[in-house]
Structure formats: structure tokens, C-alpha cells
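Below is one structure, written out as C-alpha cells, with a few remarks after it.
The values are calculated or read from the model by the stated rules, or taken from the named source; none is laboratory data. This structure is a prediction, so every number in the text was calculated from the model and none was measured. Note: ideal-geometry Cβ built from the backbone for every residue, glycine included; neighbour counts use all protein chains shown.
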Amino acid sequence: MTSGWRGNGTGNSSVNYNSNGVTFAASADNIGAVFDVLKPTQLENAVVEMVVNVSSEFKTSGANLQIFAQVKNTWAGEWNCWSNNSEFAANTDATLTCTIDEADDRFNQSVNDVQVGIQAKGTNSAGTVTIKSAKITLAASSSSSSATSSSSGSVYSANVDHLRDLADFPIGVAVSNTDSPTYNILTNASEKAVVEKHFDQMTAGNIMKMSYLHPNNNTGTISDYNFTNADAFVDYALAKNMTVHGHTLVWHSDYQVPGFMKNWSGTSADFLTAIESHVTNIVDHFEAKGNIVSWDVVNEALTDGNPSVFRTDSPFYIKSGNSAVYIERAFLAARAANATVDLYYNDYNIEQNNSKTTKMMEMITDFQTRNIPINGVGFQMHVCLRYPNASTIAAAMQKVVAKGLKVKITELDVAVNQPYCDSYPANKISSFTMTVALEQKKRYCDIIKAYLDTVPVNLRGGISVWGTTDANTWLDSLYATQFNNEKISWPLLFDTNYNDKPALRGFADALQSISCTNM
Ligand code: XIL
């Protein structure tokens, strides 16, 4: 090769021709080399193969490589091809392939020129890459009418081997058991496969909530508890070397407050004692398993709106004698039961850095002043595609960090549609196109990056997503009326067939210090 290549990316790197091939300096993220494929070449389902050789500086920089194809002028393209740094050895040839199978007909082109290239990925990219050969094999039977069949055949891959391996803190996921039999982690093979591949911590979506574990208080003994389903779930986690985040010891949400607590008619002093024994018995029971590393001790005790106050309509508040004292009593009991497990206060919308965040920080300051044990704050993070922005999220987390407490993202999902986001339904997004998917990818990346930039290593409690597949997100049920029973929140990392979504790549990009882009 002696001509036809040029540098691409910021600052337009240059290319050198030499006896080995074409060399470019991989001096930054998105720097690489490209060549043109002129119209009307049919590139749909074509396979690009390159033999490359990287310098030792490139290898040690940790940079990755990405083969890509781009329709010139629109710059839409194939960005799914990814080769991790681990696939290379310095000064050794590696053969990389990339199928141009973007899930639409953009490469079924008769009027556009395309550029095909390879670029460095990773903010610390350095060293040189030599392209020794490049070959494009066109799809055997591509005909001009293949636009529809092409999209059905292509499955997106985020090229992530194990998301959990990219972080040195827990990467968790909420799963179902008997509460959602179709998606039961103990019986659904797809659910198991994706959980075991990518996560090292689980949260029970429901079955460790109050009414599931502690349905009645007839006798006041441990036999009033029902641990069967939760034990099966925790044992599964144990068998797979996963830890469990316990969720949740005290939560006012009506559907899961045990009847005997809702209808409590005894004194408030006795009610507080009952809450203490509830917390003690559950924490004790699971301590014996050995893999419950943290608990949401109290969930959602604060109101939305300005000013935010302790929820006065919570049965716990009412039965405690119109007092929020049940919160500290729960934390004290949990600590007394287990000296080392991390104790969290968990809530939603606190990432908006709003009056609820302020009220929560007041509570934390008060707890710390009075030596009420608390280790961290769980940010549920049921967020919108475009709100709140990453700097707001970071500012809210920073307040918790400033108190020396851990920050855990406990229930992350990024709703494409949500009735309280982005003036729904005026701005309803009706289909999950690649453009939307890539916006969501960047959003996941921006959120994880905000977490990494804000929370120091010793205060990282981990990041958990609230579910696996978009087919089983709680948001579509929660907003069924507003959504007209359409499933249009698409908030998770895997699509309805358990295939990777670009969101997974975005999550991984942040963990790998690759810049967040919607490409
Ligand atoms: C949700 C579950 O995912 C649903 O299956 C259930 O019907 C309602 O609760 N905040 C929390 C979680 O702390 O416990 C909620 O889980 C989602 C909001």
C-alpha cells in the first residue's frame, strides 16, 4: 500500500507508508486512519479484515482498537466492532474483523461514499499502530433489494466480556424470583446467563422486602418469618460467588408493609420494639449466609417537593407516635445485629440535588452528631434520558462524599420515555432507533463517569441496575396507564431478547476510561 489512506480524528493525525504497511500515531481517543470506498459499492454485511501490529507503548497505554465504517456526509456508521487491548501483544500481528451490519440500511448505498478505518479507543491512548493489510469481502448475495432482510439478521454486540471485571467495586443487578415467575433467576436460562456473565452482586427485586420476609407477628417468634424464597435466592448467589445487597428492612410502600404493622394498635413504644426485632431477626438470619454485604436499612422516608420532610403518612411514622424516630432505631438495631455489614439510607430523586437531598443531608448530619450508625447513601437513580445532568448528579453525590459516607447507585435505569420527563407525551419517543440507543449509551456512560469522578475508591459502594431485560422493567408496569400499555421505557442494558444494547457499551466505556460518545 502506498496511497489512499489518511488520518482521521481530532487534529487529523497523519499516516506513514513504510515497508510494513501504513502506520499512524494512536495519540488520543478516536485517532486513526481511514480510506474511501466509493459509491455505489454495496457494503451491507460486508466483512472488513485488517492485520495490525501495535507498538509496546500502545499495549501499555491500555488503548483498544475499533474498526469502523462511516457514510460520508451523514457520518452515521458501524461502531460495534471493538478489539480490547487484551487481544494484542506488542509487535505481534493480530487479525481483526468487523461485519458492517448496522441495524438499518445505511450501507445499502448507491449514492453515498463510505470511509472505512480503524481508530484508537481510550483516553490514555499512545504509541503506534501499523496496518499491514486491509481487505473488504462483500456479502455474497447482496442485492439492491436486501434492505429489509438485513436488519433482521443483525444483533448488536457491546463487546463486553464481563462488565463486572471492569470495576473494582460491585456491579449489581436486581432480579426476580417467585415475584415474577417468567423471569425467575432460579429457572430462566437467559436471565441466569446474562446475570452470571456480567454481574457480581444481586439485589432481590422484591422478595427480601418486609411483607415477603415477615408476613405476620402472631407469636412474636422467628417462626413468623418466611425465608424460603429469599434463602433460595441468596444460596444461588453464594453458589455463583456473588454478594447480595439486602433490600429493604423498612419501607412504607403500602403493597409490602406487613398487615400487622399497618394495623398496629399497640403503643408506639411497643411498635418501635417490634421494628427493632424485625430488623434484628432479618439481619441475623442473613448474616449466617455470609454474602450479604450491605442493607438498605430504610427506604424512601422523605417526601418529594419543597420543602422535603419526613413522610408523615408512612405507617412507621404514625405508629411511632408521629415521629421519625423509627429510622434511627432501625439503624441502631441493624448495627447491633451485625457489626460490619454496610448500612444504607436509600431514596429516589436525591440525585437531583434538590430539597430532598438537603433534607437527607440534614438527617445524616444529625445522625453523625448523635453517633447513629450509617455507612452510606443509596442513590436509586431511576433517571430520565436527559435529566438530571451529570454535573447535578455529581454535586449531589459530592455532598455524601463530604460526610465520609459511601455512595452506592442501587437501582439504576435510564428511561427513554417517562411521564415526568421531557414533557411527556408531547415529546414521546415512539421507537427505539439506533439514534436513541446511542443517546442512551452516552447517558449511561456520563452517569457512571460522574460516579467515578466524584466518589473516591474507598467510598464506592458499587453500581446496580434495576433489572436485566427491557422486557421486564418495573417502569413499564408503573406507567402502564400513561403509556397506554405500550412498553416504551427501554431503560436497561439488554433488549427484550437479552441482546446487548449500546447502553452496556456506554457503561463499559466509563469503566474503561473511554470517552462518552453517542457513536
Ligand atoms: C419495585 C419492583 O421492581 C416492582 O416489581 C414492585 O412492583 C414495586 O417495587 N424503588 C425501590 C424498589 O426501592 O424496591 C422498587 O421496586 C422500585 C423503586
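Things to note:
- Candidates in segment 298-335 are the residues that are aliphatic (A, V, I, L, M) and within 16 Å of the ligand (Cβ to nearest atom); of these, the one that is nearest to the chain's Cα centre (by Cα) is VAL298.
- Filter result (more than 19 Å from LYS135 (Cβ to Cβ), free of Cβ contacts under 8 Å to residues at least 60 places away in the same chain and not aliphatic (A, V, I, L, M)) within segment 61-87: LYS72, ASN73, THR74, TRP75, ASN85, SER86
- For segment 57-79, the set of residues classified as touching a strand residue (DSSP E or B) at 6+ places or on another chain (Cβ under 8 Å), in a loop (DSSP other than H, G, I, E, B) and farther than 13 Å from GLY117 by Cβ consists of ALA63, ALA76, listed by residue number.
- Each residue in segment 247-270 was checked for being part of a strand (DSSP E or B), free of Cβ contacts under 8 Å to residues at least 60 places away in the same chain and away from the ligand (no atom under 11 Å from the Cβ), and 0 pass.
- Filtered residue count, segment 242-273, keeping only those that are closer than 15 Å to ALA333 by Cα and of a type in the set (D, E, K, R): 1
- Of all residues assigned to segment 498-514, none qualifies as being within 16 Å of the ligand (Cβ to nearest atom), in contact with a strand residue (DSSP E or B) (Cβ under 8 Å, 6 or more places away or on another chain) and part of a loop (DSSP other than H, G, I, E, B).
- Test for TRP295: is it in contact with a strand residue (DSSP E or B) (Cβ under 9 Å, 6 or more places away or on another chain), hydrophobic (A, V, I, L, M, F, W, C) and either surrounded by 14 or more Cβ atoms within 10 Å (Cβ to Cβ) or part of a loop (DSSP other than H, G, I, E, B) (or both): yes
- Residues that are over 38 Å from the mean Cα position of the chain (by Cα) and either under 18 Å from ASN299 (Cβ atoms) or acidic (Asp, Glu) (or both), drawn from segment 256-270: ASP270
- Enumeration of residues in segment 53-91 that are closer than 23 Å to ARG505 by Cα, surrounded by 15 or more Cβ atoms within 10 Å (Cβ to Cβ) and hydrophobic (A, V, I, L, M, F, W, C): PHE58, ALA63, LEU65, ILE67, PHE68, ALA69, VAL71, ALA76, TRP79, CYS81, TRP82, PHE88
- With a requirement of 1 or more residues that are within 16 Å of the ligand (Cβ to nearest atom), hydroxyl-bearing (Ser, Thr, Tyr) and farther than 23 Å from ALA503 by Cβ, the strands (runs of 3 or more DSSP E) lying completely within segment 336-445 that satisfy it span 342-347.
- Any hit, segment 223-242, residues being part of a loop (DSSP other than H, G, I, E, B), in contact with a strand residue (DSSP E or B) (Cβ under 8 Å, 6 or more places away or on another chain), more than 16 Å from the ligand (Cβ to nearest atom) and in contact (Cβ under 8 Å) with a residue 24 or more places away in the chain: yes
- THR280 meets each of the listed conditions (1) of a type in the set (Ser, Thr, Tyr); (2) exposed (fewer than 14 other Cβ atoms within 10 Å of the Cβ); (3) away from the ligand (no atom under 16 Å from the Cβ); (4) assigned to a helix (DSSP H, G or I) apart from (2).
Okay, residues lined up against (1) among the polar types (S, T, N, Q); (2) under 31 Å from the mean Cα position of the chain (by Cα); (3) modelled with pLDDT under 95:
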position: THR221; (1), (2), (3): yes, no, yes
position: VAL234; (1), (2), (3): no, yes, no
position: LYS240; (1), (2), (3): no, yes, no
position: THR243; (1), (2), (3): yes, yes, no
position: TRP251; (1), (2), (3): no, yes, no
position: GLU276; (1), (2), (3): no, no, no
position: VAL279; (1), (2), (3): no, yes, no
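- Enumeration of residues in segment 186-222 that are assigned to a helix (DSSP H, G or I), away from the ligand (no atom under 14 Å from the Cβ) and either surrounded by fewer than 14 Cβ atoms within 10 Å (Cβ to Cβ) or not aliphatic (A, V, I, L, M) (or both): ALA189, SER190, GLU191, LYS192, ALA193, GLU196, LYS197, HIS198, ILE222
- ALA140 vs. criteria in a loop (DSSP other than H, G, I, E, B), modelled with pLDDT of 95 or more and more than 16 Å from the ligand (Cβ to nearest atom): no
- If the condition is being over 14 Å from ASN497 (Cα atoms), in contact with a Phe, Trp or Tyr (Cβ under 9 Å, 6 or more places away or on another chain) and within 14 Å of the ligand (Cβ to nearest atom), then segment 459-478 contributes SER464, VAL465, TRP466, TRP474, LEU475, ASP476.
- Residues in segment 421-456 that are crowded, with 18+ Cβ neighbours inside 10 Å and basic (Lys, Arg): LYS441, LYS442, ARG443, LYS449.
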